[in-house]
Amino acid sequence: MSDLGQTFGWHPRGSTYVTTARQRTLPPPAIRHNYHPGGMKDCKQIEADDATEWASALGTAKHSSYFSGMIGAHASLVHSAEEPLRNMVDEFIDFARAGAFVFSLCAEPDELARLSNGSEREAKSH
């Protein structure tokens, strides 16, 4: 989504870390980070303006004559049908248009690596 948005004019502003009440010092809000959380507890926030600009760029992409080719190429790379990818873009546009959001990984990076290498049975046995 990020690459597609940037190709069609989105200029990422960066994410901010989400802090908890237990943290003694808050990171300065002006410090911006990438869009890749490091783990399940590493929550990052995309601010409203950034989210809506991302959604707008994806909307522009959908109306481009290049969109079908780009979706087809990505579908081939990830061994997927095109329709689920188109639906994912539509869902993300709706989601991001709603404004600011927080995200994190659904599992720790080492667990994700094992699962992506086809070692799901191995991960469950540990």
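General observations
- Residue within segment 41-62 that is at pLDDT below 80 and surrounded by 14 or more Cβ atoms within 10 Å (Cβ to Cβ) present: yes
- Among the residues making up segment 89-126, those that are at pLDDT 95 or above and either part of a helix (DSSP H, G or I) or farther than 17 Å from residue 5 by Cα (or both) are 89, 90, 91, 92, 93, 94, 95, 96, 97.
The values are calculated or read from the model by the stated rules, or taken from the named source; none is laboratory data. This one's a predicted model, so the numbers in the text were calculated from it and none came from an experiment. Don't worry about glycine lacking a Cβ; one is built from the backbone with ideal geometry, like all the others, and counts go over all protein chains shown.
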